[in-house]
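The structure under discussion appears below in the form of structure tokens.
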Amino acid sequence: MLKKNDIVKLDIENCTLQGSGVGRYDGLAVFVPMTARGDEIEAHILKVKSNCAFAKVHSVIKPSPDRTEPDCSAYAKCGGCAFRHIDYEAELKIKQRFVVDCFKRIGDIDIEPEPIIAAAGRSGYRNKAQFPVEKSENGLKIGFFSPHSHRVVECRNCPLQPAEFENILNAFEQYAVKNNITVYDETAHSGLLRHICVRKAAATGETMVCAVINGGALPREDELVETLTRCDSSIKSIVININKEKTNVIFGKTCRNLYGGGYIEDVLCGCRFRISMLSFYQVNPAQAEKLYDKAAQYAGLSGKETVLDLYCGTGTIGLTMAKKAKETIGVEIVPQAVEDAKVNALLNSAVNARFICADASEAAEKLEKDGVKPDVVILDPPRKGCSADVLDTAARMNPGKIVYISCDPATLARDCAVLEKLGYKVGAVCPVDMFPACGHVETVVRLSRSDMNS
């Protein structure tokens, strides 16, 4: 019987999307972080359950050809990346295989996806970062949470972020230390500064900085503005987000502008977008363009179609398709995002685009009652996927095609199985690597009634 603290030899046969290698000991699956398919290792068993075990690397007997040296000193401690210990080609194969496995295991759908759309690289691509803070002996500890904890791992120069984020964090710390800014303690629900957030527009270079605080204001806010703008001339907006709730949710509902208009602007697929701190916007714009191009290809617009974009955020997907459609209708539950979407429509002279602030299910049902008959429905929900009533209403509206974009292949496969029962068959699937080095993969799917007979 395998037990805790045993040292056992394992051949790593597979790798999960979270970056853990999988070996077998007497038929029992053993999950070992920081290993690669093809590794021969000695594993130190940490926990044994009835159906699996968990371990850490004791020693590497023979390294896998996929193995590479991590390029980040915080990688082993930080919960951000999953694949910096293997090369990019191996990472892409894991993600492609995971999409296939989810469709088969969860949706009972046999598919052969298109080859995953790779990124140009694994560094510097994230346009947004949210840094928790802790008090340290000499100032602030700024970085990311260690896995399964709220303990901050110091990391200001994360390889995923633009290099200039580090200078902004250092300047913020300078202001915070000088003005004795207290740091939030979630156990005691005391202290002021909770998170520092930075957002940068890739095409325009404009930067936004946000302080999430457990209060209404920071001391000497004018000094914060002066310190940050002197540090980085690309900063066009500085915002205070107020979050006084006892929660691990990062943002509160209220923002207050200290500097600038409370937004930055970016260009994506030839369209200009205004982005506020609370608006959803894809974190990897270069890959987002490839994703939206694939979604447009699957939609197959000719200029005569009505497109219904549920979960539209700031309107990015619908507006990038607007020039090829008769009308686009966006639905989003976050009021600020809807306001941004309306402004974005004006910025792009998209007179054929309109936006509704409502829950996706309620809005789809109302549009159906109003006689709106979309030719294409775009679904781009959060990780939890679509509710059953959203899927049912979307199918009842009888569009020719449903284009589903998802950041979670598991909930995507589940929802596609429901849509198939409602008369829409999966016709094409394409994974897109929006999050290189991380344990996520985006996928776009075309479903249609016509594919039922193909």
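Does segment 321-385 come out rounded, prolate or oblate, given a ≥ b ≥ c as the square roots of the eigenvalues of its C-alpha gyration tensor, rounded meaning a/c under 1.5 and, failing that, prolate meaning a/b above b/c? Provide the component values of the computation, followed by the final result.
On the way: a/c = 1.59, a/b = 1.16, b/c = 1.37.
Judged from the Cα gyration tensor, segment 321-385 comes out oblate (a/c at least 1.5, b/c at or above a/b).
Accessible surface for residue 151 stands near 140 Å², nearest 10, in the context of the full protein assembly shown (1.4 Å probe). Ranking 165, 201, 228 by Cα position along the charge dipole of segment 163-278, where only Lys, Arg, Asp and Glu carry charges on their C-beta atoms, puts 201 farthest toward the positive end. Here the contact order of the chain, divided by its residue count and restricted to Cα pairs under 8 Å and six or more residues apart, works out to 12 percent.
Quick one: work out the % antiparallel among DSSP beta bridges in the chain, nearest 5. Let's see the in-between values first.
Working: 64 of 93 bridges.
Roughly 70 percent of the DSSP beta bridges within the chain come out antiparallel.
I need the shape label for segment 365-454. Rule: rounded when a/c is under 1.5, else prolate if a/b > b/c, else oblate, with a, b, c from the alpha carbon gyration tensor. Cα axes put segment 365-454 in the prolate bin. Reported to the nearest whole Å, the Cα centre-to-centre distance from segment 376-445 to segment 119-177 is 33.
Taking the Cα centre of segment 238-371 as reference, the dipole from Cβ charges on Lys and Arg (+1) and Asp and Glu (-1) amounts to some 240 debye. Need one word for segment 284-355: rounded, prolate or oblate. Basis is the Cα gyration tensor (sqrt eigenvalues a ≥ b ≥ c); a/c below 1.5 gives rounded, then a/b vs b/c decides. Because a/c hits 1.5 or more and a/b fails to exceed b/c, segment 284-355 counts as oblate. Per residue, the average separation of C-alpha pairs within less than 8 Å and at least 6 apart gives segment 197-318 a relative contact order of 21 percent. Over all alpha-carbon pairs of segment 299-454, lay out the pair-distance distribution in 5 Å bins, whole %, shortest bin first. P(r) over segment 299-454, rounded to whole percents: 2, 10, 19, 22, 22, 16, 7, 2, 0, 0. Against the compact-protein benchmark of 2.2 N^0.38 Å, the Cα-based radius of gyration of segment 52-165 scales to 1.32. Residue 137 sits among other residues whose Cβ lies under 15 Å from its own Cβ, and their net charge, with Lys and Arg +1 and Asp and Glu -1, is -1. Computed with every protein chain present, the accessible area of residue 276 is close to 10 Å² [probe 1.4 Å].
By DSSP, what percent of the beta bridges with both residues in segment 298-454 are antiparallel, rounded to the nearest 5?
Working: 13 of 30 bridges.
Around 45 percent of the beta bridges assigned by DSSP in segment 298-454 are antiparallel ones.
Across the chain, the longest piece that holds none of the GluC sites (Glu not before Pro) lying in DSSP loops with up to 14 other C-beta atoms within 10 Å covers 246-454. Other residues within the sphere of radius under 13 Å centred on the Cβ of residue 46, judged by their own Cβ, net out at +4 (K and R +1, D and E -1).
Net charge near residue 1, counting Lys/Arg +1 and Asp/Glu -1 over other residues with Cβ under 13 Å of its Cβ? Walk me through the numbers on the way to the answer.
Working: positive: 3, 4, 49; negative: 6, 26.
The answer is +1.
The values are calculated or read from the model by the stated rules, or taken from the named source; none is laboratory data. On a predicted model such as this, the values are computed, not experimentally measured, just so you know. Quick reminder, even Gly has a Cβ in these numbers, built from the backbone with ideal geometry, and neighbours come from all protein chains shown. Side chains included, ligands, DNA and RNA excluded: accessible areas come from the protein's heavy atoms. Shrake-Rupley method; radii C 1.70, N 1.55, O 1.52, S 1.80 Å.
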